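These notes concern the structure reproduced below.
The values are calculated or read from the model by the stated rules, or taken from the named source; none is laboratory data. Bear in mind the structure is a predicted one, so any value in this text is a computation, not a measurement. As a convention, Cβ positions derive from the backbone with ideal geometry for all residues, glycine included, and neighbour counts pool all protein chains shown.
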Amino acid sequence: MNVTVTGAGGQIGYALLFRLASGQLLGPDTPINLRLLEIPQGLAAAEGTALELADCAFGLLASTTITDDLTQAFDGVNVALLVGSRPRAAGMERADLLAANGRIFGPQGAAINAGAASDVRVLVVGNPANTNALIARSHAPDVPADRFTAMTRLDHNRAVAQLAAHFDVSVTAIEGVAIWGNHSASQYPDVFHATVRLKSGERCFVRDLVDERWLAAEFIPRVAQRGSEIIAVRGASSAASAAGAALDHVHDWANSTPSGAGQWTSAAVVSDGSYGVPEGLISSFPVRSVAGHWRIEPGLEIAEFSRARIDASVAELVAERDAVAALGLL
Ligand code: NAX
């Protein structure tokens, strides 16, 4: 399998590549050709990482290519992890940020369109992830739209971990959490369908054990602003947890999720119009992976509390889409 990682010289790249090459993405029987895409000033860091990858002597790592050439990076790619992006600099206007990323994700989408394998799966991690994925998708008309996704699995994992800590149970006791909308502070971590298996062994709905004040004042901000908390405490943004979530996302996409009630996960996928999210937007939903495709979980009842929050995050995505469309990036 050909796996391309962009921004490979960055900190998520450093946290991701070793786990990937050890088989945590595609399993212990699938050899991997790694393609590390960087911009010229990032090539040396990617080369350093590649030296260490070699020193790990991973049996599954068939080859490592380091390049700043899009055609070489995406030729025959099966899994594309688009991590490198243009971060927001101090004083940068939103339109400038979107334009700078449009210049990255448009050409990457076009290179995927031109050279990728027919089964290509794309996960955009680099922010603004949902809209970057939308831009890449719009430049890849020959690739099925559902192959373009953006990462909200880290937000999902954070929500699960926060609930587990709140109830003093293992993360495995929590099911049915969903992240809706944008991977931004407007995201909505939804627990209205979530359940917890308490230490007594009883499984309860989370909504019966917490009140809306706790959700609005503590849980939702904690999850949505966890990235800022990590920066404040660690002095650098999330890297290992982001890498872990990227592996979870692609692993589940390729392997299916369990079929039991509430055993879905969250990913930003192309909307089919479900739950009032405009068709074509790349928005986070509760999803299951079935036979290699993400399926939006149908038929969930949306509480009034949730509706307003989902709509607010989706409105932000619509505004981002309209802004990049106005810039001619779609
Ligand atoms: P770093 O700044 O450590 O690394 C980014 C790397 O990307 C750099 O080496 C840079 O040279 C490279 N790069 C920039 N433009 C490129 C291009 N056009 N082609 C190839 N490489 C390019 O950032 P890092 O901490 O690794 O984060 C990467 C991205 O992930 C950021 O956009 C960040 O905001 C985003 N995140 C997204 C998360 C999510 O849940 N979706 C969570 C973690 C993270 O914040």
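A few notes on this one:
- The stretch 88-135, residues that are modelled with pLDDT of 95 or more and of a type in the set (G, A, S): G106, G109, A110, A111, A114, G115, A116, A117, S118, G126, A129, A133
- Residues that are more than 16 Å from the ligand (Cβ to nearest atom) number at least 1 in the following helices (runs of 4 or more DSSP H) confined to the stretch 1-105: 43-56.
- Residue in the stretch 150-199 that is nearest to E229 (Cα to Cα), counting only those that are hydroxyl-bearing (S, T, Y) and outside any strand (DSSP E or B): S184
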